[in-house]
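The values are calculated or read from the model by the stated rules, or taken from the named source; none is laboratory data. Computed from a predicted model, the values in this text were never measured in an experiment. Here the Cβ positions follow ideal geometry from the backbone for every residue, glycine too, while neighbour counts run over all protein chains shown. Heads up: the accessible areas ignore ligands, DNA and RNA and are worked out on the full protein's heavy atoms, side chains in. Shrake-Rupley method; radii C 1.70, N 1.55, O 1.52, S 1.80 Å.
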Amino acid sequence: MSIRAIEVKAAGSWRGDAADTVVLDFDDRHRRRIAMKGIRGLDFTLDLPEAVMLRSGDALALEDGRLVEVLSAPEPLLEIAARGRTKLADVVAAQK
């Protein structure tokens, strides 16, 4: 049975070296329970009481006290520009 991550420590609230790091895209950062593997090979299960939006710089606290750092995966962004709010609303509505 894999060790569990049972708590999220917000970015800036934890110190020290992380035992491992997970790099997650936007969709994978909103989770409650899932098997994970760090970039250095640490296997663990995220097991939280409720779904949480993980942010880059947060740490997952394992049952044994070690921490796993969360990093955001690079993702493409879409830039939308328009002349005024009304035109911007039209552009956004057309994308749906």
Pop a pseudo-label 7 angstrom from the Cα along the beta-carbon direction at both residue 40 and residue 9 and give the gap in nm to one decimal. 1.4 nm
Within region 54-96, DSSP-loop GluC sites (Glu not before Pro) with at most 15 other C-beta atoms within 10 Å are 63, 79
Quick one: compute the contact order of the chain, relative version, from alpha carbon pairs under 8 angstrom and 6+ residues apart, as a percent. 34 percent
Around residue 34, what is the net charge, scoring Lys/Arg as +1 and Asp/Glu as -1 over all other residues with Cβ under 10 Å from its Cβ? +1
Between (i) 169; (ii) 111; (iii) 138, the structure-derived volume of the Cα convex hull per residue in Å³ is (iii)
Would you mind getting the accessible area per residue of the chain, heavy atoms of the protein chains only, 1.4 Å probe, in Å²? 71 Å²
Helix 85-95 versus the longest principal axis of the chain: what is the Cα-based angle in degrees, 0 to 90, to the nearest 10? 70 degrees
Set the Förster distance to 25 Å, then compute FRET efficiency between residue 26 and residue 94 from the Cβ-Cβ distance, nearest 0.05. 0.65
Would you mind working out the magnitude of the charge dipole of the chain relative to its Cα centre, with +1 at each Lys and Arg C-beta and -1 at each Asp and Glu C-beta, to the nearest 20 Debye? 420 debye
